[in-house]
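The values are calculated or read from the model by the stated rules, or taken from the named source; none is laboratory data. These figures come from a predicted structure and were not determined experimentally. Ideal geometry is used to build each Cβ from the backbone, glycine not excepted, and the neighbour counts take in all protein chains shown.
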Amino acid sequence: MSRILAIDYGKKRTGIAVTDPMQIIASGLTTVATHELFAFLERYLKSEDVETIVIGEPKQMDYTDSELGSVIHAFAKALQEKYPHIIIERVDERFTSKMAFQTMIDSGLSKSKRRNKALVDEIAATIILQTFMDKKSPFN
């Protein structure tokens, strides 16, 4: 099987998470500077077999697009054009950063480590990926 990759797109940083090849476990991979995202994806997709890319879709509480919505839509469109053989999916990402921060607290990370915004973004990407995997699971 192929991996599923998730992206928590941000203005400055983008969190990346990925599954194992059997698509059983979602794990944080890294955080990259957003302006380096396409170069990172180019390198990663050359070395790993990815069948689906899941992009977090930021929504307001009333389900309207957030301020980054149009930027992320354009990013998803460019990604689909560059990699037409890869399925591009979108997942509601509301509250993932808060959930990531709470995960850090629950796992006992120190205050100094919880200030690491890159780690928050990576964990948020993992939550986006796990949400996608849970929705596609035949057991749900």
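If I filter the stretch 83-140 down to residues being touching a Pro at 6+ places or on another chain (Cβ under 9 Å) and surrounded by fewer than 17 Cβ atoms within 10 Å (Cβ to Cβ), which single residue comes out as modelled with the highest pLDDT?
D92
I'd like to know if the stretch 55-71 contains one or more residues that are crowded, with 18+ Cβ neighbours inside 10 Å, modelled with pLDDT of 95 or more and closer than 15 Å to T14 by Cα. Step through it out loud before you land on a result.
If we filter the stretch 55-71 for residues that are crowded, with 18+ Cβ neighbours inside 10 Å, which is where we start, we get 55-58.
When the remaining residues are screened for being modelled with pLDDT of 95 or more, the result is 55.
From what is left, the residues that are closer than 15 Å to T14 by Cα are 55.
For the stretch 55-71, residues crowded, with 18+ Cβ neighbours inside 10 Å, modelled with pLDDT of 95 or more and closer than 15 Å to T14 by Cα: present.
If you take the residues in the stretch 16-31 that are of a type in the set (V, I, T) and over 11 Å from I127 (Cα atoms), which one is surrounded by the fewest Cβ atoms within 10 Å (Cβ to Cβ)?
The initial filter retains those residues of the stretch 16-31 that are of a type in the set (V, I, T), namely 16, 18-19, 24-25, 30-31.
Filter once more, keeping what is over 11 Å from I127 (Cα atoms): 19, 24-25, 30-31.
Details: T19: 25, I24: 9, I25: 12, T30: 15, T31: 23.
That would be I24.
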